[in-house]
Structures are given as structure tokens and as C-alpha cells.
Amino acid sequence: MVWVLGAMVVVTVALAAFVLLPLTRPRMFRPKAGPLNAALAQRINTARAKPDAPISFGYRMAWFAIRTRDQQRLVNVLHIKESRPANWQSGIRAIYDDAQGENRVFISPPVNGWTFVAGLPLPYPMADGFVDKWTPMMLALGAEFMDVQFFVSFPSVDLYGWGRVTNNRVVRLFAISDEGVIRKRGRMTKEERAIGLRAIEAEGDAGAEQAGLTEDHVMQIAGRWGLDPTRLADVVVDEAGERGLVCTAPRYWRPARLKSAA
């Protein structure tokens, strides 16, 4: 009987030690998460904003090419509220990222007098039934800058478009989708004719695929009007050490359906 009682005492002491010992040990020192995360975030942001060489883009994308070096003026005209410094690598990665791309735009460092504003959330030409937010943005930018160009290339939905406003005058607004021509203003430019698009407007209700339009046509027009973004990696840049901005797209840019008449 005595030995049974002794065994119970031993077990009780062992269990108490097992439960209480961790509570009596000195805790390991761990730095606070806040300052550590802040320092890490600072290092990451510094790397993201370190000036680098232009990176090509353009396919499956929408973008403005604007004759200016003034990024802050662009931010003001576009009513952008949230932005952070970025270089080409982090900026292009953000707009093509599956998670970030839906609400991020990249205002690039200047490239020989041009600045790009690229991103999927940009207003673009849409078919009847939707509010036209593209044309007002073209006109607003055209009132502030001497040369404003826009391009969109979404082959997955056969949407291609381009526009140009110079000296506050609409030169050309054109867009075509799988439903046919959805925007047309101004005469076809010589650059469009030069790449074989003379008959595209005569296609009527024919879609972009039937008209033979491809992403390369969009890039060729961009190159003839100014800069082909798919060839930026080969451009020698006059402006050295400049940075860009990754911005959150304003909510009012989002597509909106026209309200039914009462």
C-alpha cells in the first residue's frame, strides 16, 4: 500500500513539473513586430523605387503615352489619391500581377519627354449600354498636355483601340471589339493607313478578328505616333535616375452601366 501511495506522489510531482515548468522558464527575447516590419517595409520600398532602365510592356494592357515629364501634374489631373514611388521593374510587375493588377496603375519615369500611365483599371472604350468614361478622360488630359495618346489591346475579348489629342484637339478616337466598331471620331491618320488599316472602318459590324486586327497593329501605331512600349528596353533614355509611381486607381474609373430611362 505504501509503495502505491509513493508512486502516486511521484506521478503527481511529475505532472505538476510538466505543467508548471514552462511557466517558470524565462521567455525568449523577441523583437517587437512593428519596428521590424517597418524597417523591412522600408528596405522593400527602397528596392522597389531604385531607378532602373525601362522595361517593355504593352500586350494585354491599356496605357496612355503623354508628352510630359511632370508626374505630379498627371496625378492631379487623374485625381489619384494613393501612390508610392516605384521603378520600372516593380511598376510593370504590379500592373501585370493577378492580385494587384485589377486596381493598380503605373506612372512611369519619363522616357525622352514621354510619360506612360499604364494599367488594367484605366477607362477604355466600351460598347453601348455603358457610361463613356474614356472620351472625357482623353479630353481632360488633352486640355492639360500638348500630346495625349491612348492604346488598349485586349485580345481575349478582341478589343483594340487608340486615340490621340494634340494641342487640345481631337485627332483620332477609334476602338473595335468582337461586336464591331464601338468608337470612331476623327479621320483615319496617315500612320493607320501606312500599316494597312484603310478598310477597317468599312467593315461595319465585323469584329476585330474578322477585320484582321492584332496587337501588333496597335503597337505599330504607338511607335509611329511616339513610342512603341514593346521596344522600350532598347531605348536610350535621356532622363537618368528618375522614378515612377504605383498608384491605386480611383473608384470612379470603374465601368458603369447607363441607367435605364425612367
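The values are calculated or read from the model by the stated rules, or taken from the named source; none is laboratory data. None of these values were measured; they are calculated from a predicted model. Please note: Cβ atoms are built from the backbone with ideal geometry, for glycine as well, and neighbour counts cover all protein chains shown. When the accessible area is computed, the model is the full protein with side chains, heavy atoms only, and any ligands, DNA or RNA have been set aside. Shrake-Rupley method; radii C 1.70, N 1.55, O 1.52, S 1.80 Å.
Each of the peptides 66-72, 96-102 was scored by the mean count of other Cβ atoms within 10 Å over its residues; in descending order, highest first, they stand as 66-72, 96-102. Net charge of the neighbourhood of D128, taken over other residues with C-beta under 12 Å away and scored Lys/Arg +1, Asp/Glu -1, is 0. Each Lys or Arg adds one and each Asp or Glu takes one away; over the other residues whose Cβ falls under 14 Å from the Cβ of N87, this sums to +2.
The figure for T230 is an accessible area of roughly 40 square angstrom, using a 1.4 Å probe on the protein chains alone. Annotation for K184 and A140: the two label points, set 7 Å from Cα along the Cα-Cβ direction, are 2.8 nm apart.
Give me the distance between the Cα centres of region 52-98 and region 178-201, rounded to whole Å. The two parts, judged by their Cα centres, are 27 Å apart. Ordered by solvent-accessible area of protein heavy atoms (1.4 Å probe), largest first, the residues M219, M146 come out as M146, M219.
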